[in-house]
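See structure below.
The values are calculated or read from the model by the stated rules, or taken from the named source; none is laboratory data. Note that this is a predicted model, so its numbers are computed, not measured. Positions of Cβ are generated from backbone atoms using ideal geometry, with glycine treated the same way; all protein chains shown enter the neighbour counts. Surface areas here come from the heavy atoms of the whole protein model, side chains and all, with no ligands, DNA or RNA. Shrake-Rupley method; radii C 1.70, N 1.55, O 1.52, S 1.80 Å.
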Amino acid sequence: MFRKKPEWHCVADVDSCPPGSLLAVMAGDTPVVLANVDGTFYALRDRCSHADYPLSDGSLDGDQVECMYHGARFDLATGRARCLPAIRPVRSYPTEVRDAAVFVLAGK
């Protein structure tokens, strides 16, 4: 299967995702949930690995995002599942802040 090379995508202004919040964005063709934890940005694929619901509907708890539909939790830095019912990780993506804009490195 052909895989698209990852590219940096400008996904949001820093102000659109203040500390303690989540934001649903698109990094090219990839749905991403952007999380701001005390000024540090994280990006995960915006789909819970348990039931394919958007993680952006959930909430932040420290360095984890909790899916509001079934309570699954994921580590923001790695995408690792931290709480049942999820057992599989979600994909994590590198982020950078450049001139008050947030960029995510994503591809298929």
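May I ask you to work out the translational diffusion coefficient for the range 1-58 at 4 °C, viscosity 1.567 mPa s, via Stokes-Einstein with Rh from the Kirkwood sum over Cα pairs, reported in whole µm²/s? Provide the component values of the computation, followed by the final result.
Numbers: Rh = 12.2 Å.
So the translational diffusion coefficient is about 106 µm²/s.
Taking every eigenvalue of the Cα gyration tensor of the range 49-88, multiplying by 5 and rooting it, what semi-axes result, largest first, whole Å?
Numbers: eigenvalues 34, 27, 13 Å².
Sorted largest first and rounded, they come to 13, 12, 8 Å.
How would you order 35-47, 88-100 from highest to lowest mean count of nearby Cβ atoms within 10 Å?
On the way: 35-47: 19.9, 88-100: 14.4.
Answer by packing, highest mean first, reads 35-47, 88-100.
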**Prompt:** Of all accessible surface on the chain at a 1.4 Å probe, what whole percent is carbon and sulfur?
**Reply:** 50 percent
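Normalising by the residue count of the range 1-104, find the relative contact order in percent from Cα pairs under 8 Å and 6+ residues apart. The partial results should precede the final answer.
Numbers: 236 pairs, mean separation 26.4, N = 104.
Worked out over the range 1-104, it gives 25 percent.
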**Message:** Taking the solvent-accessible surface of protein heavy atoms with a 1.4 Å probe, what is the per residue accessible area of the chain in Å²?
**Reply:** 56 Å²
**Request:** List the pair-distance distribution P(r) of the chain, using every Cα-Cα distance, as the percent of pairs falling in each 5 Å bin from 0 up to the bin containing the longest distance, rounded to whole percents.
**Result:** 2, 15, 26, 25, 18, 10, 4, 1
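Let me spell out the model: positive unit charges on the Cβ of Lys and Arg, negative unit charges on the Cβ of Asp and Glu, origin at the Cα centre of the chain. What dipole size does that give, in debye rounded to 20? Before the final figure, lay out the partial values.
Details: 12 positive and 14 negative charges, 138 e Å.
Once rounded to the nearest 20, the dipole reads 660 debye.
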